[in-house]
Amino acid sequence: MLPLLKALLLTLSLWSLLPATAAPISRDDPESTYPDRKGTSSASGSAVVVTANPLASAEALAVLKEGGSSIDALVTAQAVLAVVEPQSSGLAGGGFLLHWDAKQRRLVVLDGREVAPERSQPDDLLDASGDPLPWRQATAQANAIGVPGTVALLWEAHQRHGHLSWGRTLQPAIRLANAGFLPSPRLLRSIRLAQRFGVSHSPDFQEIYLPGGQPPPAAQLFRNPALAQTLRQLARKGGPTFYQGPLAQQILRGINELQASEPNFRGWTPADLSNYDVVRRAPLCNQQLQHRICTMPPPSSGGLALLQTLALLNQSTDLPSSSAGKPKVWRQLARAQAWADADRLYWVHDPLDGAIPTEALLDQAYIARRARAMQSANGLRPTPGLPLGIENYPYGVPDRGIEHGTSQITIVDAGGNIASYTSSVETIFGSRHLVAGMVLNNQLTDFAFKPSLGNKPVANRRLPGRRPMSSMAPTLVFSNGEPVLALGSPGGRSIPHLLSRVLLASLAWNEPPARAVALPHLSSRGKTLVLESDPPLPWPFPLQQLKSEASLRRQGIGSGTALVRRIEAGWQGAADPRREGTALALP
Ligand code: GLU
């Protein structure tokens, strides 16, 4: 490009460094940011719990104190979050778990992602003229609700690795739902956000969360008796009752009642619930930053993207001599994110429809080729690559451009068993529909809305029985065969952007956990590079130094990293100050 033109474009992108704007809810950032933050919560000891809510962390720690395992504490934390943080995760959502069994020295991956019901059709989220529904409208459709996997995942993990009884692990959630709790500022803010996002389609939501048209009062105990009743049933009868039996029937009735107001919705069959299966998958592992990083394989694309991002970065930057204070590495990080996104948003789908070439996409020669293309792209937007062994592009290229809640729990117990678990109802309060006190997810908006493009199928198209591509990437890091770091974060499509930055800070810059989570974030989104406005720790250089071919926008970024790191005397955990997270430890 001519130097003059280049200078002009650069100036234009600096001009677009407008004052920070409030982040709208979007696919890139499904819950928006939380402004009332305090400092970073961190704790160290022989066992550590990090969740997005103080009540969930306290109850999970009590379970560990009683001799419970990391999985017992996980079940407790998730059940409590379903009550106190229903905007982000719950029993009628889905999630992914990485579990390290210290005795067996085995890493197990459980996929509890939502599944498209039998009667789904590829064009369910298109309008009458065949165009994709606007994302916001789609999130409220019954056709967006996937068959939930959370309870099945927790049950299976508990059957294998629980020490305390299943009933005991659910007690704190039952108590809080029944006797009530003081709603946190973030819960109240989320209710107001959901109100603006749209709740008129859900009388149940309004009845529970907007009594008299307003969020519940901050100083009064908030109760959810219907959810308490559901949790009691689960405690008595076990996880399978969610999928077969009276609770399953109640869920089916609730879902199928939505047909009355949504003529395009064909409803669920009993088999949709009874056939739900948790899938055990092989972790996706790769050597990066002198560590073995293991993360979630497809149907998540977040794990692949975070590994590709680090691999591309390693080719283009002298990582060992880099530090948070050097803008060059941040600039390269932004580029690497965009190039990794181009691949993952093209290639990843439910593995039921055939293997995804994850190894070929991480192959060293392929990464070197991509890194060269990235360096010489001169601002051109990246397109997906063709890894070795694949001759032609098999799919249509989905457009990332249409703009259209999740929670991370990380726990290590005193025996060194680790749970890194990302759980989601998709956007804020999911579909805002409720059944039996539970928020129903809208996870099926994670499928591509258009099933084919240019006469080719889109990889991540909606099909019955399939799981939509996810960005969630719970991760475990090993050094000499020993786990040294566990982490994950919500953040929608930005998840691999957030986690690659946190891993860079932890493993290359050697930042301690509290700083690693609190340093600023950046996120490449199509033609725009979003720089975090008002990060918990300030940008370590003037933002002008991040000049980029993309147009720059300052905006809040709603990460919620929960991180646990091995230290000399045990473990240290830190909770992202961008949410209400709390880290607690046993001595
Ligand atoms: N539904 C998103 C996914 O699975 C997660 C949304 C979020 O992080 O809030 O990738």
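Values as computed for the structure displayed
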quantity	calculated
FRET efficiency, residue 119 to residue 383 (Cβ-Cβ, R0 41 Å, nearest 0.05)	0.70
Overall form of the range 276-339 per C-alpha gyration tensor (a/c, 1.5; a/b vs b/c)	prolate
Cα centroid separation, the range 556-571 to the range 330-356 (Å)	25
The range 421-514: mean projected area of Cα convex hull, nm²	9.7
Rounded to the nearest 20 debye, dipole of the range 40-172 from Cβ charges on Lys, Arg, Asp, Glu	640
Three-way shape label, the range 344-462, alpha-carbon gyration tensor, a/c 1.5	oblate
In the chain, lysine pairs with alpha-carbon atoms under 16 angstrom apart (chain gap of 8 or more, or interchain)	4
For the chain, accessible area per residue (1.4 Å probe, heavy atoms of protein chains only), Å²	36
Net length gained if the chain between residue 376 and residue 290 were fully extended (0.36 nm per residue, minus Cα distance)	28.3 nm
Check: the range 100-213 dipole with +1 on Lys, Arg Cβ and -1 on Asp, Glu Cβ, in debye	860
Ratio of Rg to Rh over the chain (Cα coordinates, Kirkwood Rh, two decimals)	0.95
Farthest positive-ward along the chain dipole, Cα basis, beta-carbon charges - from 587, 125, 451	587
Total charge dipole magnitude, the range 324-415, about the Cα centre, Cβ charges on Lys, Arg, Asp, Glu only, Debye to nearest 20	780
Full-extension gain in nm, residue 46 to residue 264, via 0.36 nm per residue minus C-alpha separation	73.1 nm
Gain in span if fully extended, residue 137 to residue 244, counting 0.36 nm per residue against the direct Cα distance	35.4 nm
Residue-averaged [θ]222 nm for the chain, counting only DSSP H segments that reach four residues, each worth -39500 (n - 2.57)	-10000 deg cm²/dmol
Label point distance in nm, residue 534-residue 129, each placed 7 Å from Cα along Cα→Cβ	4.0
Accessible surface of the range 203-272, 1.4 Å probe, proportion on carbon and sulfur as whole %	53
Calculated FRET value between residue 218 and residue 360, using beta carbons and R₀ = 60 Å, to 0.05	0.70
The range 273-326 and the range 43-72: distance between their alpha carbon centers, rounded to Å	26
Signed unit charges on C-beta, dipole axis of the range 317-433, positive-most listed residue 396, 420, 364	364
Residues in the range 545-587 that a label on residue 479 would reach, taking backbone N under 19 Å of a point 7 Å out along Cα→Cβ	563-574
Inter-label distance for residue 256 and residue 62, nm, one decimal - labels placed 7 Å from Cα along Cα-to-Cβ	3.9
Cα-based shape type of the range 152-302, given that a ≥ b ≥ c are square roots of the gyration tensor eigenvalues and the cut on a/c is 1.5	rounded
Dipole of the chain, positive end: most advanced residue of 44, 193, 60 [Cβ charges, Cα centre]	44
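The values are calculated or read from the model by the stated rules, or taken from the named source; none is laboratory data. Note that the structure is predicted; figures quoted are calculated from it, not measured. No Cβ is skipped: glycine too gets one built from the backbone with ideal geometry, and neighbour counts run over all protein chains shown. Areas reflect the complete protein model, heavy atoms only, side chains present, ligands, DNA and RNA absent. Shrake-Rupley method; radii C 1.70, N 1.55, O 1.52, S 1.80 Å.
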